[in-house]
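Trainee: One structure follows; several queries about it will come next.
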């Protein structure tokens with residue numbers, strides 16, 4: 001079966017054509033995810049995204065089915081005519097923080113929702129609470145609240161449903177233990193705005209006439225219920241891998257989803273939470289904004305230039321350990337396992353490559369990202385092997401640090417967009433599971449990374465204990 005997967009991340013919008021028999025991506029088209037920095041608040045450019053989807057589907061040729069996977073913390077508010085009653089809020093906007101105290105007084109407890117209180121619009125409940133009070137006339141026209149993947153399903157086929165995987169992504173709107181709406185939904189009078197939930201991957205309808213004409217696809221093309229992207233990354237492993245294991249889904253966010261792990265008490269203050277998988281089951285998770293941090297630290301290479309990466313050697317790591325060369329959390333504060341900390345370098349950042357040799361700065365950054373990942377994994381009860389999906393699967397230093405630092409088997413996906421593969425697999429399971437390769441690290445290098453990550457953790461712990469700041 002050939003499935004077109006609309007895959008909307010916070011950083012990039014993608015459309016992938018997946019052959020479910022393999023499963024593998026036949027082709028992928030991308031564009032940067034557009035955000036409008038204008039009135040009434042920063043919002044996602046739904047019109048630009050729709051033009052991208054339509055153009056990509058038209059060029060991609062016939063498909064058997066279409067589905068959608070997107071980032072969480074985003075909803076579309078429709079009026080009774082099916083149009084947007086308000087623009088789709090960019091969850092990084094700090095508007096909802098202005099009502100922090102009022103919202104905190106009405107939101108359900110973490111023990112019921114598994115949803116920590118997060119800044120900006122990262123809790124969908126906080127978005128709705130703020131929009132209802134700040135734009136009361138527009139909010140009064142809202143007839144339906146759709147999760148972000150299901151908004152695009154609606155645009156494709158005209159049917160309105162929600163999915164538990166998106167509602168379960170720190171929204172405050174769902175009880176992950178029974179899949180029912182949280183007390184907040186009824187308390188705020190939002191029950192009538194919430195359409196029924198459907199199982200991710202379920203066949204919902206066929207392309208509506210207008211969309212079939214615009215895309216050039218057959219009106220008989222099936223449209224399936226979408227899924228939250230991190231939970232899509234989990235799908236390929238749920239039926240093919242023995243528990244326990246942890247999937248590290250990387251993108252703008254690094255999300256560590258633990259299946260069958262150690263029993264732990266999740267800590268709302270350190271960005272742990274309960275996700276809901278494609279089959280409605282709660283999944284302990286930990287997360288931080290790793291992809292955004294990487295972009296801030298490394299930046300983008302000049303147009304047309306290749307950035308050669310020097311893989312860290314044992315000798316380089318020994319020198320970094322000896323001089324305590326670390327990046328301490330948090331490059332993006334307010335989220336992750338160290339939300340109250342400000343990033344600090346223990347040595348002068350600009351001189352690292354000069355002092356220690358090429359690749360030193362990137363090695364320190366990789367050690368930081370691996371340390372943050374391992375902290376989030378531990379907080380969520382990680383056990384067993386680790387599977388890395390997404391862009392970080394191509395970062396050798398990160399993979400070596402994660403393998404050495406954890407002492408676990410680390411595998412990486414061979415697909416370019418693990419989220420797309422997972423979303424397509426819900427429509428038709430493949431004849432064999434997706435391929436993954438184990439990370440092979442020489443014992444001496446693995447040992448050096450283990451000592452580096454351990455030293456990083458001790459330095460972080462000491463900083464928290466003493467309250468001292470690095471340079």
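The values are calculated or read from the model by the stated rules, or taken from the named source; none is laboratory data. This structure is a prediction, so every number in the text was calculated from the model and none was measured. All Cβ positions, glycine included, derive from the backbone under ideal geometry; neighbour counts span all protein chains shown.
Trainee: Which residues, counting only those in the range 422-464, are closer than 30 Å to residue 239 by Cβ and in a helix (DSSP H, G or I)?
Mentor: Answer for the range 422-464, where residues must be closer than 30 Å to residue 239 by Cβ and in a helix (DSSP H, G or I): 422, 423, 424, 425.
Trainee: Residue check: is residue 258 at pLDDT 95 or above, assigned to a strand (DSSP E or B) and either within 26 Å of residue 57 (Cα to Cα) or over 18 Å from the mean Cα position of the chain (by Cα) (or both)?
Mentor: no
Trainee: Whether any residue in the range 143-154 is surrounded by 22 or more Cβ atoms within 10 Å (Cβ to Cβ) and either out of contact with any strand residue (DSSP E or B) (no Cβ under 9 Å at 6 or more places or on another chain) or in a loop (DSSP other than H, G, I, E, B) (or both) is what I want to check.
Mentor: Scanning the range 143-154 turns up no residue that is surrounded by 22 or more Cβ atoms within 10 Å (Cβ to Cβ) and either out of contact with any strand residue (DSSP E or B) (no Cβ under 9 Å at 6 or more places or on another chain) or in a loop (DSSP other than H, G, I, E, B) (or both).
Trainee: Residue 266 - would you say it is at pLDDT 95 or above, surrounded by 15 or more Cβ atoms within 10 Å (Cβ to Cβ) and part of a loop (DSSP other than H, G, I, E, B)?
Mentor: Yes; evaluated as a whole, the condition is true for this residue.
Trainee: So, one more: Picking from 364, 388, which residue would you name as being more than 19 Å from the chain's Cα centre (by Cα), buried (at least 23 other Cβ atoms within 10 Å of the Cβ) and within 16 Å of residue 290 (Cα to Cα)?
Mentor: Of 364, 388, the one residue that is more than 19 Å from the chain's Cα centre (by Cα), buried (at least 23 other Cβ atoms within 10 Å of the Cβ) and within 16 Å of residue 290 (Cα to Cα) is 364.
Trainee: Right, here's the next one. Report those helices (runs of 4 or more DSSP H) wholly inside the range 19-127 carrying at least 2 residues which are modelled with pLDDT of 95 or more and farther than 30 Å from residue 187 by Cβ.
Mentor: Per the criteria, 46-60.
This table checks each residue for (1) in the same structural domain as residue 25 (by TED's automatic domain parsing); (2) in contact with a strand residue (DSSP E or B) (Cβ under 8 Å, 6 or more places away or on another chain); (3) without any contact (Cβ under 8 Å) to a residue 40 or more places away in the chain.
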{"position": "357", "(1), (2), (3)": "no, no, no"}
{"position": "414", "(1), (2), (3)": "no, yes, yes"}
{"position": "422", "(1), (2), (3)": "no, yes, no"}
{"position": "438", "(1), (2), (3)": "no, yes, yes"}
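Trainee: So, one more: Looking at 87, 62, which is the one that is farther than 28 Å from residue 177 by Cβ, surrounded by fewer than 14 Cβ atoms within 10 Å (Cβ to Cβ) and touching a residue at least 24 places away in the same chain (Cβ under 8 Å)?
Mentor: 62
Trainee: Check the range 301-311 and report whether any residue there is without any contact (Cβ under 8 Å) to a residue 60 or more places away in the chain, assigned to a loop (DSSP other than H, G, I, E, B), outside the structural domain of residue 122 (by TED's automatic domain parsing) and under 20 Å from residue 442 (Cα atoms).
Mentor: Yes.
Trainee: Working only within the range 363-402, note down all residues that are under 14 Å from residue 316 (Cα atoms) and touching a helix residue (DSSP H, G or I) at 6+ places or on another chain (Cβ under 6 Å).
Mentor: 363, 365, 366, 367, 397, 400, 401
Trainee: Could you list all residues from the range 157-175 that are farther than 23 Å from residue 90 by Cβ and buried (at least 24 other Cβ atoms within 10 Å of the Cβ)?
Mentor: Answer for the range 157-175, where residues must be farther than 23 Å from residue 90 by Cβ and buried (at least 24 other Cβ atoms within 10 Å of the Cβ): just 164.
Trainee: Right, next: Out of all the residues in the range 162-175, is one or more touching a strand residue (DSSP E or B) at 6+ places or on another chain (Cβ under 8 Å), outside the structural domain of residue 420 (by TED's automatic domain parsing) and free of Cβ contacts under 8 Å to residues at least 24 places away in the same chain?
Mentor: no
Trainee: Of all residues in the range 281-290, how many are surrounded by fewer than 21 Cβ atoms within 10 Å (Cβ to Cβ) and either touching a residue at least 12 places away in the same chain (Cβ under 8 Å) or part of a strand (DSSP E or B) (or both)?
Mentor: 1
Trainee: Shifting gears a bit: Report, ordered by the first and then the second residue, all pairs with beta carbons closer than 6 Å, sequence separation of six or more or different chains, a first member in the range 94-108 that is within 9 Å of residue 120 (Cα to Cα) and assigned by TED's automatic domain parsing to the domain that holds residue 125, and a second member that is in a loop (DSSP other than H, G, I, E, B) and modelled with pLDDT of 95 or more.
Mentor: Hits for this filter: 94/120; 95/41; 96/121.
Trainee: Criterion first (farther than 30 Å from residue 379 by Cα and free of Cβ contacts under 8 Å to residues at least 40 places away in the same chain) does residue 132 satisfy it?
Mentor: Criteria not met by residue 132.
Trainee: Would you point out which residue out of 407, 381 is surrounded by fewer than 24 Cβ atoms within 10 Å (Cβ to Cβ), in contact with a strand residue (DSSP E or B) (Cβ under 7 Å, 6 or more places away or on another chain) and under 23 Å from residue 457 (Cβ atoms)?
Mentor: So the residue among 407, 381 that is surrounded by fewer than 24 Cβ atoms within 10 Å (Cβ to Cβ), in contact with a strand residue (DSSP E or B) (Cβ under 7 Å, 6 or more places away or on another chain) and under 23 Å from residue 457 (Cβ atoms) is 381.
Trainee: Also, quick follow-up: For residue 266, indicate whether it is over 27 Å from residue 11 (Cα atoms) and within 22 Å of the chain's Cα centre (by Cα).
Mentor: So residue 266 passes the test.
Trainee: Residues to consider are 278, 315, 325; find the one that is closer than 28 Å to residue 444 by Cβ, crowded, with 22+ Cβ neighbours inside 10 Å and either in the same structural domain as residue 461 (by TED's automatic domain parsing) or at pLDDT below 95 (or both).
Mentor: 325
Trainee: For the range 391-407, how many residues meet the condition of being within 20 Å of the chain's Cα centre (by Cα) and under 20 Å from residue 260 (Cβ atoms)?
Mentor: 1
Trainee: Now, a different point. Looking at (1) modelled with pLDDT of 95 or more; (2) surrounded by 19 or more Cβ atoms within 10 Å (Cβ to Cβ), find the lone condition where residue 220 falls short.
Mentor: Answer for residue 220: the failing condition is (2).
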